[in-house]
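The values are calculated or read from the model by the stated rules, or taken from the named source; none is laboratory data. This one's a predicted model, so the numbers in the text were calculated from it and none came from an experiment. Every residue, glycine as well, gets a Cβ built from its backbone with ideal geometry; the counts of neighbours run over all protein chains shown.
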């Protein structure tokens, strides 16, 4: 029927032996591949130039998404501000009036050590 199961033949690898000695296969460099494709020329125009010209033409015709893509890629996306308050009031508002001076000193010490601001 075969060999009798023992603890030694149930272990998949010998001590010190890797189950994947060659490691994970290397992935191709995606940036390099894209750069190579975009640098290809047809009729004296690179693929990148053709893509930009097509986006510009769409943007000029009023395609807002094309204009947004051109501006985002050229100048970076505009920062979006997020309001972390509710009706102008801070979400985490604590009543510190019941804390002792010692409690407040401990909190101030923690803030100083961790760099957490008081605001």
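Taken together, the criteria exclude residue 32 from residues that are in a helix (DSSP H, G or I), modelled with pLDDT under 95 and more than 26 Å from the chain's Cα centre (by Cα).
One line per residue, one yes/no per condition, for (1) touching a strand residue (DSSP E or B) at 6+ places or on another chain (Cβ under 9 Å); (2) under 30 Å from residue 68 (Cα atoms); (3) surrounded by 10 or more Cβ atoms within 10 Å (Cβ to Cβ); (4) at pLDDT below 90:
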site: 80; (1), (2), (3), (4): no, yes, no, yes
site: 84; (1), (2), (3), (4): yes, yes, no, yes
site: 87; (1), (2), (3), (4): no, no, no, yes
site: 95; (1), (2), (3), (4): no, no, no, yes
site: 100; (1), (2), (3), (4): no, no, no, no
site: 112; (1), (2), (3), (4): no, no, yes, yes
site: 115; (1), (2), (3), (4): no, no, no, yes
site: 118; (1), (2), (3), (4): no, no, no, yes
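Regarding region 36-57, can at least one residue be identified that is modelled with pLDDT under 90, part of a strand (DSSP E or B) and out of contact with any helix residue (DSSP H, G or I) (no Cβ under 6 Å at 6 or more places or on another chain)? Checked region 36-57: no residue is modelled with pLDDT under 90, part of a strand (DSSP E or B) and out of contact with any helix residue (DSSP H, G or I) (no Cβ under 6 Å at 6 or more places or on another chain).
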